[in-house]
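The structure appears right after this line, and notes come after that.
Read the figures in this text as sums done on the coordinates, not as results from a lab. Just so we're clear, the structure is a prediction, and the values are computed from it rather than from any experiment. Here the Cβ positions follow ideal geometry from the backbone for every residue, glycine too, while neighbour counts run over all protein chains shown.
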């Protein structure tokens with residue numbers, strides 16, 4: 001939009017005049033210095049304090065003009081004309097806004113009103129020329145709408161006004177205006193298409209589908225209707241029907257800009273990326289690519305990115321921005337690509353608002369935030385179940401959002417699926433975890449929930465992590481810090497004193513303390529195990545090994561002894577015996593964090609002993625995913641850069657001295 005001088009504000013309502021002027025002066029200062037976020041907050045405050053005040057509306061229009069918000073500029077101008085009808089500048093603004101937003105017949109109406117109301121205005125001659133030009137084009141404009149003939153101008157203006165309301169988000173008014181058009185032209189398909197879109201935005205998906213089908217009955221080649229119907233069916237959970245409808249859209253042969261866009265939109269919803277690229281190729285070969293708008297380039301860029309063509313995707317997004325430097329979605333995708341691959345969401349074609357109705361979002365917010373009243377308590381799981389019963393389409397949309405949603409859409413889908421944990425949602429989490437879509441962290445979260453529900457076999461799973469496919473161990477388990485055993489107070493004191501001695505490298509002091517504790521509780525496995533640790537630290541390896549064997553025989557469920565025996569077998573190159581001891585531990589659903597750390601370290605050692613570096617790194621990744629702040633992770637990362645000497649130069653238990661001496 002070309003820049004213009006700001007209009008002097010009209011005189012106010014006569015109350016709080018001084019406070020208003022001070023606030024407006026602050027707003028003007030912020031706008032002069034292009035502090036747009038602060039200026040917006042100031043405007044919002046002024047709107048609350050002085051609703052529909054002409055001065056505030058003039059500044060609101062100026063603000064929208066400066067930031068190139070053409071829709072906001074038009075809306076502010078419309079409001080200004082309503083409250084300050086005798087202000088000629090307000091009418092001029094409105095006519096200019098309609099022209100800028102490609103609503104020529106609304107502009108004609110506004111400028112005609114200006115000529116009638118302000119016949120002596122200095123801009124009279126300029127406006128007369130604009131009106132004459134618009135009048136000369138009026139027949140062609142109406143013919144392009146499908147409203148040929150005499151006396152159709154009022155209907156065409158109604159249709160344009162409905163389109164404008166839809167663009168502003170006033171969907172109910174848009175539908176009502178189009179319904180007025182249908183009273184005179186019941187088969188006017190552009191109005192019916194807008195009505196179907198309005199129904200969707202209002203949350204009335206069944207009426208949206210019915211209206212789109214009605215358009216197809218009237219005009220079997222109406223590509224707008226086929227594209228809209230593909231979208232509605234997809235978002236209503238009828239994916240198979242959506243794909244069938246998209247196939248019919250492919251069969252239509254048109255070579256107009258709107259057709260390219262509507263095909264790309266429909267194919268984006270059902271994930272037909274190759275179909276989008278084929279459409280682009282057809283347009284390119286026709287020599288008409290220079291007519292394509294930024295949104296077309298964006299949709300093709302997202303498809304190319306999903307097909308692995310990042311370079312082409314970047315070029316297409318850049319091309320979209322050359323035409324429209326303010327195209328936010330293209331900017332957001334390119335900004336996301338600046339992140340490491342493991343943190344990326346891109347690409348996405350649509351924001352979450354294009355996938356889910358506002359009503360569905362509001363209903364979810366209500367059940368997550370609304371406090372329980374008196375009476376029967378409803379569990380959170382029951383609330384989610386009720387929500388999914390009310391919005392069954394969400395079950396189909398969650399996998400689509402996990403696959404190709406924007407960051408907010410993917411977060412929404414992941415959170416909802418993890419809260420619901422229904423079979424369908426768990427399956428969606430499993431499939432997402434095994435894909436290469438979205439950030440590593442989110443797929444790992446999904447994997448943990450799916451694994452905990454038993455959707456993965458025990459053992460290694462192929463996952464996309466750190467920019468490559470890897471074999472990782474998924475363990476659906478709970479990691480906690482709860483003490484596994486309790487002791488008599490006297491024994492507890494002796495154990496704590498022994499552990500302190502071990503921490504400070506004094507096994508000779510710890511040994512009698514533990515023996516004294518065992519005299520009171522002779523069968524306590526943790527006391528016996530820590531005593532074995534004192535033997536190992538004193539280089540009495542055989543005694544340590546025999547005692548750990550005894551602990552395992554007497555307490556086969558005591559994990560520390562089981563893992564430590566596996567470590568001894570690893571050291572002695574009896575890998576089958578080590579694996580036989582470790583494999584049953586994978587079935588556990590709960591781990592103390594020390595048990596889990598010892599288990600992962602032992603698996604790493606075993607892999608290294610077998611010269612399976614990739615397996616060792618996989619186990620390290622599993623450990624790091626569960627305990628990213630564990631200090632030993634950094635140690636192992638360093639060791640795995642040069643693992644060749646590890647097994648030969650380090651005693652299995654010494655490396656874990658801190659963990660073993662902390663066992664309670």
Exercise. Calculate how steeply helix 358-369 sits against the longest principal axis of the alpha-carbon atoms of the chain, using the helix alpha-carbon long axis, and give the answer as 0 to 90 degrees to the nearest 10.
Key: 40 degrees
Exercise. Express in nm, to one decimal, how much length is gained between residue 221 and residue 575 on full extension, taking 0.36 nm for each residue of separation and deducting their alpha carbon distance.
Key: 120.5 nm
Practice problem: Any chance you could tell me what percent of the C-alpha pair distances in segment 489-662 go past 19 Å? | Solution: 56 percent
Quiz item: Going by alpha carbons, how many degrees (0 to 90, nearest 10) lie between the helix axis of 541-554 and the longest principal axis of the chain?
Solution: 70 degrees
Exercise. Compute the whole-percent fraction of alpha carbon pairs in segment 30-183 spaced more than 21 Å apart.
Key: 52 percent
Quiz prompt | Label-reachable residues, segment 318-354, where backbone N falls under 19 Å from a point 7 Å from residue 278's Cα toward its Cβ | solution = none
Self-check item: Cβ-Cβ FRET estimate between residue 187 and residue 253, R0 fixed at 25 Å, reported to 0.05
Solution: 0.65
Quiz item: Can you sort 281, 152, 323 so the residue with the fewest Cβ neighbours within 10 Å comes first?
Solution: 281, 323, 152
Self-check item: At 1.002 mPa s and 20 °C, Stokes diffusion of segment 314-368 via Kirkwood alpha-carbon radius, µm² per second
Solution: 163 µm²/s
Exercise. With a/c under 1.5 counting as rounded, go ahead and sort segment 353-474 into rounded, prolate or oblate using the C-alpha gyration tensor (a ≥ b ≥ c being the square roots of the eigenvalues; past the cut-off, prolate if a/b is larger than b/c, else oblate).
Key: prolate
Exercise. Determine the shape class of segment 380-449: with a ≥ b ≥ c the square roots of the Cα gyration tensor eigenvalues, call it rounded for a/c under 1.5, and otherwise prolate if a/b is greater than b/c, oblate otherwise.
Key: prolate
Self-check item: the chain: Cα Rg divided by the 2.2 N^0.38 Å rule of thumb
Solution: 1.33
Practice problem: Report the extension gain between residue 354 and residue 113 in nm, rounded to one decimal, defined as 0.36 nm multiplied by the number of residues separating them, less their alpha carbon distance. | Solution: 83.1 nm
Practice problem: Describe numerically, in nm with one decimal, the distance between label points set 7 Å from Cα along Cα→Cβ at residue 542 and at residue 151. | Solution: 11.5 nm
Practice problem: At 7 Å along the Cα-to-beta-carbon direction for both residue 45 and residue 311, put a label point, then send me their distance in nm to one decimal. | Solution: 5.2 nm
Practice problem: Using only Cα atoms, tell me the angle between helix 171-184 and the longest principal axis of the chain; keep it within 0 to 90° and round to the nearest 10. | Solution: 40 degrees
Exercise. Pop a pseudo-label 7 angstrom from the Cα along the beta-carbon direction at both residue 176 and residue 240 and give the gap in nm to one decimal.
Key: 4.1 nm
Exercise. Report the antiparallel proportion of the DSSP beta bridges in the chain as a percent, rounded to a multiple of 5.
Key: 70 percent
